[in-house]
1. Please grab the % of Cα pairs in the protein assembly as shown that end up more than 50 Å from each other.
2. Quick one: Debye curve from the alpha-carbon atoms of segment B:231-382 only, equal weights, vacuum; give me log10 I(q)/I(0) at q = 0.09, 0.12, 0.13, 0.16 Å⁻¹ to two decimals.
3. As an exercise, identify the trypsin sites (Lys or Arg not before Pro) in segment A:314-346 lying in DSSP coil whose Cβ has no more than 16 other Cβ atoms within 10 Å.
4. What ranking do A:Phe139, B:Phe224 get, fewest neighbouring Cβ atoms within 10 angstrom at the top?
5. How shielded is A:386-393 by partner chains, expressed as the average number of their Cβ atoms within 10 Å of its Cβ atoms?
6. What number in nm² do you get for segment A:212-278 if you take the convex hull of its Cα atoms and divide its surface by four?
7. For segment A:64-104, what does the convex hull of the Cα positions come to per residue, in cubic angstrom?
8. Using only the alpha-carbon atoms, what does chain B span along each of its principal axes? Please give whole angstrom values in decreasing order.
Amino acid sequence: MVSKPDISVKFCGYEIENPFLLSSAPPTCTGEMIQRAFKAGWGGAVTKTIKPDKTPVYDLKNRFGRMGIEDKQLVLFENIEEVSKRPVGTWVKEIKEIKKAFPDKLLVGSLMAEPKEDDWEDLARVISEAGVDMLELNFGCPHGMPERGMGAFCGQRPELIDSLTKAAKRGSTVPVMVKLTPNVTDIAYMAKTAEKAGADATSAINTVLGLIGVNIDTFEPMPSVDGKSTFGGMSGPGVKPIGMRCVAQIAQATNIPVSGIGGISTWKDAVEYLLIGAANVQVCTAVMWRGYRIVGDLVDGLTNYLSDKGFKSVNEIIGKTLPRLTSWSKLDKDWKVVANIDKDKCIKCGVCYIGCYDGGYQAIKFEPNTGKAAEVDEEKCDACSLCYLSCPVPGCITWKRVQQK
Amino acid sequence: MSGRTHPPILPPQVRIKTFEPYAENLDDRMALYEASRCITCYEPPCKEACPTHIDIPEFIHRIKSGNYYGAAKVIRQSNIFGGECAYVCPVERLCEEKCVRNSLKDEPVAISLLQRFAFEKERKKGIIKFEKAPPKKKKVAVVGAGPAGLSAAYELARKGYKVTVFDSNPKAGGLMLYGILPWKASWEVAESEIKNILDYGIEFVPNKKVSDLKALLKEYGAVFIGAGTSKSAKLGIEGEDLKGVYPAQDFLYDVAKHLQKKGKAPDLKGKRVAIIGGGDTAIDASMASLRLGAERVYIIYRRSLAEMPAVPYGRKQAKEEGVEFLLLSSPVRIHGKNGAVAAIECVKMALGEPDQSGRRAVTPIKGSEFKMDIDVVIVAVGQKPDQEALKSFGLKLKNGLIETDNKFATSIKGVFAGGDVVNGGETVVKATAEGKLAAESIDQFLKGGSK
């Protein structure tokens with residue numbers, strides 16, 4: 001019998017049974033919820049962000065938005081929710097209960113406080129002593145909190161990343177991870193700042209600041225709170241490319257592990273994050289949409305993938321694609337291919353033709369209603385890949401290597 | 001890939017109790033889903049297959065974007081009977097047959113359902129009006145207010161001509177009101193589109209049978225004839241003149257008049273009805289017979305199901321409702337008793353090789369004759385124009401139809417013709433397309449251009 005690939009990962013001195021963690025968000029609102037998630041099979045969880053009791057927090061009604069396609073297929077999710085309203089004491093009690101019931105799962109306490117070093121140090125001490133395995137410093141929340149000097153307000157200021165990381169490290173008895181915001185010019189610089197300040201790991205990305213939409217009947221921005229709104233945090237499948245870019249940049253720039261977050265809904269998304277260097281992945285939106293149960297397929301899909309590819313451990317794929325990510329200048333300008341259309345597979349829809357004609361190089365010949373397949377003019381084809389991407393037939397358009405001139 | 005949307009249909013035992021429509025339309029959600037199945041091909045075969053060449057990907061794209069009125073506009077620009085056609089077109093042998101999705105081992109996009117959706121949105125808001133050219137002095141007469149005549153009248157009115165439409169029926173609409181029964185398309189659909197057309201300043205003269213074209217040409221610069229095919233072809237067998245034998249066209253006309261409370265349909269309660277023929281008209285007659293209370297309804301067709309011209313959708317509906325198909329059977333004699341139908345005698349047929357038209361020939365099998373007790377026979381083996389009316393026109397005919405050149409001009413200068421009276425009986429959409437093209441020729445003629 002072939003042995004099953006090992007999907008356990010190491011992270012800041014801990015071994016986690018699988019690389020799937022719940023991120024700091026509504027699915028980790030209470031101890032009871034986290035325990036249910038652990039029972040469902042999640043390898044770890046980051047609590048919803050805990051703040052000092054003196055810091056007021058509000059939940060707006062309502063606070064979510066959605067951008068989808070067709071029916072309910074989610075593209076982007078928006079929230080303008082704040083951090084946990086629950087008192088520190090409640091969390092301390094529940095952290096103990098979770099760790100007692102699930103000692104082997106990775107429990108991370110997420111923290112946020114006003115940019116005062118003492119507050120961060122105190123909160124880090126209390127929560128780490130409650131029994132969490134790690135702390136995550138929330139320097140990323142882009143809505144609500146920054147207006148009061150918290151969240152992304154800190155993550156956008158290197159000097160605060162530095163001083164507050166150091167403060168948390170002083171108070172903490174466990175490893176500290178810094179959660180970064182993508183709403184900056186250079187996230188790698190912020191990651192390096194955290195590394196220099198003593199962070200044991202980073203996590204990225206927090207949500208991307210955006211505006212999910214406007215109701216064109218009522219003119220209300222969404223999500224509407226009595227007719228008005230504010231900019232909010234985007235998550236879900238649409239932010240995955242941003243998340244992947246940030247995680248890859250951080251992985252290239254730092255020597256501490258990075259936990260990958262942003263638009264992970266399936267095991268395939270997770271594999272992509274692992275390939276570009278994420279030490280593990282965190283998931284929220286997909287769980288909000290379909291529940292903790294999605295971890296079943298995440299674990300099984302990853303295991304089957306590794307087995308099909310002949311890997312013995314998930315560690316073999318972590319960072320495997322990273323060396324292939326380089327600068328534009330270093331890409332081979334002499335590499336030449338042209339598109340090739342399979343005559344037998346072509347359904348004569350003309351989609352490739354019209355795209356190439358109006359948005360490309362006029363390199364496809366097509367005569368509608370003649371029964372003839374579309375054909376590439378290899379002299380004109382510049383291999384931009386528009387036809388390859390828009391063709392509705394799998395495997396109909398492929399690449400043909402041509403000799404360099 | 002995601003499959004086609006199938007909106008609910010009333011069960012057969014419920015729907016045969018009335019003549020009302022029984023298939024639901026797409027709601028907004030289903031329409032968005034179905035529209036998303038369209039690949040939005042470039043100059044696709046579906047558009048080519050539509051006789052009026054509706055820009056199908058464009059209107060579907062507009063449904064997807066939520067621009068329903070814009071979708072309806074795309075349809076109406078090409079086809080002034082876009083609503084009626086959405087309900088009655090045999091799409092299985094037109095646009096949907098050519099849908100590129102068929103080559104992806106998938107069902108075609110439900111083009112007709114999306115077209116109905118766009119039309120119903122339009123109807124609610126008011127049918128889209130297009131601009132009209134400044135009035136011209138010249139006048140055009142249109143004989144026959146069916147889809148061909150009204151389509152021609154509309155195009156000419158928009159070009160500024162003063163148009164008068166004559167019809168022998170009290171209402172304009174032709175077979176749309178006097179041949180197509182409401183379960184296929186509610187008459188309100190056609191009526192809304194007919195009103196829209198007449199509102200372009202067209203004069204309608206009801207209950208008027210035109211026979212003297214010369215007299216018309218004295219008053220009008222040109223005449224368009226869209227007289228349709230109101231008569232049924234005959235079987236030419238013994239007993240066809242017995243009481244209880246109905247030509248299908250007359251039968252459907254009587255049912256329509258009955259439903260409009262302007263006439264009487266045959267009483268079929270508890271009767272055994274045999275319909276002869278395999279076209280869409282035979283299917284319509286069979287379903288109408290069930291709705292009139294017939295106890296048993298048979299469709300007797302001389303070829304097999306594969307050769308049957310009726311669209312599969314209609315055949316399926318009829319079969320579900322209890323219509324029995326007697327295939328490879330051909331009537332040879334209708335037996336009577338006291339002057340009324342008592343039985344039908346048929347012979348079994350054998351399929352042979354395909355003929356020039358591609359349809360397989362059939363030959364009777366000797367000694368295979370069988371007899372069935374029957375009360376009513378409906379003959380649906382083809383349609384033709386009213387021959388007497390055609391003769392009175394004094395036009396050159398061909399095979400009992402008006403002969404025209406490729407610009408719809410007849411043998412008399414200034415007289416044009418199109419639709420069923422020329423093509424022998426096709427579809428509403430084909431008639432609409434021909435009326436539109438004939439209007440172009442009439443415009444050229446009246447402008448003194450080449451005929």
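No value in this document is a laboratory result; all are computed from the given coordinates. Keep in mind that this is a model prediction, so the values were computed, not measured. Glycine also receives a Cβ, built like all others from the backbone with ideal geometry; neighbour counts cover every protein chain displayed.
1. Result: 42 percent of Cα pairs exceed 50 Å.
2. -0.27, -0.47, -0.56, -0.85
3. Values: sites: A:Lys320, A:Arg324, A:Lys330, A:Lys333, A:Lys336, A:Lys343, A:Lys345; in loops: A:Lys320, A:Lys333, A:Lys336, A:Lys343, A:Lys345.
Answer by residue number: A:Lys320, A:Lys333, A:Lys336, A:Lys343, A:Lys345.
4. Ranked by crowding around the Cβ, least crowded first: A:Phe139, B:Phe224.
5. Neighbouring Cβ atoms belonging to other protein chains average 2 per residue here.
6. Across all orientations, segment A:212-278 yields a mean hull projection of 5.9 nm².
7. It is 123 Å³ per residue.
8. Cα spread of chain B along its principal axes, largest to smallest: 68, 59, 46 Å.
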